[in-house]
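Chemist: Structure in structure tokens, see below.
The values are calculated or read from the model by the stated rules, or taken from the named source; none is laboratory data. Worth saying up front: this structure is predicted, and the values here are computed from it rather than measured. Every residue, glycine among them, receives a Cβ derived from its backbone with ideal geometry; neighbour counts consider all protein chains shown.
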Amino acid sequence: MRVAEGGFDVPLKCSPEEYKHFAEPALQEAQKSNFPSALDIVENGLNAHPASEGLMFLKAYFGYKVADTMSSELTSFPKVIQPLGNGALMVDGAMTSQLFGKFQEIVKILSEAEESINELLQVNPSSQEVVAFKGYIDSKKNQLGRESENMKATISNSPNLAGSFCVGCRKSISYDTQKVVFQKSSASQLEAWHLPCFQSKAKN
Ligand SMILES: [Zn+2]
């Protein structure tokens, strides 16, 4: 029994019982691209058979597929930062927070997949396939981790860079829920505006 899809051709070490009750139904779900269900089935299997190497590998593999699917869905997410011309940038705070949450969720799933791979490596330290798969998960996790750190820094640094008040209405800005426009002032300081305040300024 091998998992060939996605280029990972790894022998699955499962007992006939583990295969029949967990691996096979999970692989059937995976064939329909139901990776979250496949992952559930395998996790149930690991509760009953915690030492099953085949189920450990499948947990990592399906976890990776769930994370991969979620991150490709993010490409259809509306852009959180949009240039408005003249050096002004609009940042959608609510969307940024939502996106940040998604990134965190994906990183968590990848961390669980990685834990499973680490357990598997302890029993198969010289398996090239397992080492290669771990590298794959690591690089994806690091990439997403960096992106989510940048996003978090954008939200938490904004008040330091541009203050907590709108230049237009002088009321406070909530960077993680509102749409905010950033623009360099003549003194080359960064100014922040609520989007509607910036738009009404532009009309005048
Ligand atoms: Zn305002």
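Chemist: Scan segment 184-194 and give yes if some residue there is at pLDDT 85 or above, more than 20 Å from Met95 (Cβ to Cβ) and touching a Ser or Thr at 6+ places or on another chain (Cβ under 6 Å), otherwise no.
Modeler: Checked segment 184-194: at least one residue is at pLDDT 85 or above, more than 20 Å from Met95 (Cβ to Cβ) and touching a Ser or Thr at 6+ places or on another chain (Cβ under 6 Å).
Chemist: Quick check on this structure: which one of Lys184, Lys134, Lys140, Lys201 is in contact (Cβ under 8 Å) with a residue 12 or more places away in the chain and within 16 Å of the ligand (Cβ to nearest atom)?
Modeler: Lys201
Chemist: Regarding segment 153-161, can at least one residue be identified that is surrounded by 19 or more Cβ atoms within 10 Å (Cβ to Cβ) and either within 14 Å of the ligand (Cβ to nearest atom) or over 20 Å from Val80 (Cβ atoms) (or both)?
Modeler: There is no residue in segment 153-161 that is surrounded by 19 or more Cβ atoms within 10 Å (Cβ to Cβ) and either within 14 Å of the ligand (Cβ to nearest atom) or over 20 Å from Val80 (Cβ atoms) (or both).
Chemist: Scan Ser76, Ser52, Ser71 and give me the residue that is under 11 Å from the mean Cα position of the chain (by Cα), at negative phi and small (Gly, Ala, Ser).
Modeler: Ser71
Chemist: With the requirement that a residue be at negative phi and free of Cβ contacts under 8 Å to residues at least 40 places away in the same chain, what does segment 187-198 give you?
Modeler: Result: Ala187, Gln189, Leu190, Glu191, Ala192, Trp193, His194, Pro196, Cys197.
Chemist: Next up: Given the structure, is Leu27 modelled with pLDDT of 95 or more and part of a helix (DSSP H, G or I)?
Modeler: Against the criterion (modelled with pLDDT of 95 or more and part of a helix (DSSP H, G or I)), Leu27 does not qualify.
Chemist: Here are Ser148, Ser156, Ser172, Ser164: which of them is touching a Cys at 6+ places or on another chain (Cβ under 8 Å) and either touching a residue at least 40 places away in the same chain (Cβ under 8 Å) or of a type in the set (Ser, Thr, Tyr) (or both)?
Modeler: That would be Ser172, the only listed residue that is touching a Cys at 6+ places or on another chain (Cβ under 8 Å) and either touching a residue at least 40 places away in the same chain (Cβ under 8 Å) or of a type in the set (Ser, Thr, Tyr) (or both).
Chemist: Next question. With Ser111, Ser126, Ser116 as the choices, which residue is more than 25 Å from Asn44 (Cα to Cα), out of contact with any Pro (no Cβ under 8 Å at 6 or more places or on another chain) and polar (S, T, N, Q)?
Modeler: On inspection, the qualifying residue turns out to be Ser126.
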